[in-house]
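The values are calculated or read from the model by the stated rules, or taken from the named source; none is laboratory data. Please read these numbers as outputs of a predicted model, since none were measured by experiment. Ideal geometry is used to build each Cβ from the backbone, glycine not excepted, and the neighbour counts take in all protein chains shown.
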Amino acid sequence: MTQRLVLIGHPVAHSFSGGMQQAAFEALGIDARYELWDRRPIDLADAIAELRGDDFLGANITIPHKERVVPLLDRLTEDAQATGAVNVISREGNKLIGHNTDVEGFKSALTKLVGRQKMPRQAVVLGAGGAARAVVYGLITDGFQRIVVFNRHLHRGEGLVRHFAKSASHMDLRAMPWHESVLEAEISKTKVLINATSIGMTPGETPIPAELLPPDLMVLDLIYNPSLTQLLKDATAARDTNVGGELMLLHQGARAFELWTGKSAPIEVMQAELDRAREQGLRQMPIDMGSGGTPPADLNAGSPASGPQTGLAGADKPASSRPA
Ligand code: NDP
């Protein structure tokens, strides 16, 4: 019987995860098919119930369902419990187990970013969505002592801080308003900057103006398409070892593959498929993702950006004044 894996999100077209996982199944001779299920929130419970059928190995969950899916599952692993978000479902008999492999994917990318240096203890995180939760939890568990979260809508950043109140009780985790002077002050004090917003998917957009990036700042951008965002280009001008989101995508996907199959992921095969998808994706990448347009789903991760993208050329304006 052909086993089935699904990506459940809304929307899900143009997924990079699908090609990457399918290539891995084929490389290991596993009879499995990866499907894309575009399901609205109202249809999520039915989609999850379907996964209990014998032919399913599990699922990837993406925007906008990562948090909403939690109560529909039988058990959560520690990372999923701590972040309150699930991006992978595996099965144990007819029980559905929720995981968050974005945490592990992020940690792989952070390790690459830091390289041989001592792991820093302070970071600035941009964003407060599902990806930012995985990032903040990864930083807390990696021993960071001060994490400042900036988000366009401050209340969401504050909600994130409240969510981690217990895990972060030993350190300084705080949300601050997205104003350039505040950003500048915090960035100048930190070693690590992580972009966990979807700003940067449209060529030329950047969450932080180039002049605010100190030369020794290490920058990790979760966006993987384009693989070199404007933020990374600007930061790379000063430093050549910054990291894009592809490594995180690869490692969260490799971990998911292992959870579903119990086998080591063929990481080179998956990377080769990402290289191929990147080439193709760049050719297909619509440039009309401007105001009012919906970006193609999952162009940019196990979790695509949701909703319209807007140009942020006016990065000197307070984020709250930018159109959503
Ligand atoms: P969410 O939709 O949960 O969060 C989106 C975040 O981006 C929010 O913080 C939101 O701010 C911010 N944002 C979006 N548009 C704007 C804008 N115009 N101006 C200011 N802020 C904006 O998405 P995720 O957290 O799941 O994903 C975030 C990014 O991380 C995406 O690009 C996604 O593709 C990437 N990602 C990459 C992964 C990888 O493996 N490389 C894995 C997971 C995600 P607000 O709350 O104010 O709306």
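Tabulated results
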item: For MET218: the one exception among (1) modelled with pLDDT under 90; (2) closer than 13 Å to LEU113 by Cα; result: (1)
item: Test for LEU259: is it buried (at least 23 other Cβ atoms within 10 Å of the Cβ), at pLDDT 95 or above and of a type in the set (A, V, I, L, M); result: no
item: Residues being near the ligand (Cβ under 9 Å from one of its atoms) and at pLDDT 95 or above - total across the stretch 102-130; result: 7
item: Test set (1) surrounded by fewer than 18 Cβ atoms within 10 Å (Cβ to Cβ); (2) in contact with a strand residue (DSSP E or B) (Cβ under 9 Å, 6 or more places away or on another chain) - GLY244 fails condition number; result: (1)
item: Residue match in the stretch 112-122 (condition: hydrophobic (A, V, I, L, M, F, W, C) and over 19 Å from the mean Cα position of the chain (by Cα)); result: yes
item: Only listed residue being within 16 Å of the ligand (Cβ to nearest atom) and either among the charged types (D, E, K, R) or assigned to a loop (DSSP other than H, G, I, E, B) (or both), chosen from ARG276, ARG255; result: ARG255
item: Set ILE89, ILE63, ILE97: member being touching a helix residue (DSSP H, G or I) at 6+ places or on another chain (Cβ under 9 Å), closer than 23 Å to GLU246 by Cα, away from the ligand (no atom under 13 Å from the Cβ) and not charged (D, E, K, R); result: ILE89
item: Any hit, the stretch 229-236, residues being at pLDDT below 95, surrounded by 14 or more Cβ atoms within 10 Å (Cβ to Cβ) and either of a type in the set (Lys, Arg) or part of a loop (DSSP other than H, G, I, E, B) (or both); result: yes
item: Residues within the stretch 211-233 that are in contact (Cβ under 8 Å) with a residue 40 or more places away in the chain and within 12 Å of MET201 (Cα to Cα), tallied; result: 6
item: In the stretch 10-44, the residues that are closer than 16 Å to VAL88 by Cβ and at pLDDT below 95; result: VAL12, SER15, PHE16, SER17, GLY18
item: Test: residue in the stretch 205-226 that is under 24 Å from ALA277 (Cβ atoms), away from the ligand (no atom under 12 Å from the Cβ) and not basic (Lys, Arg); result: yes
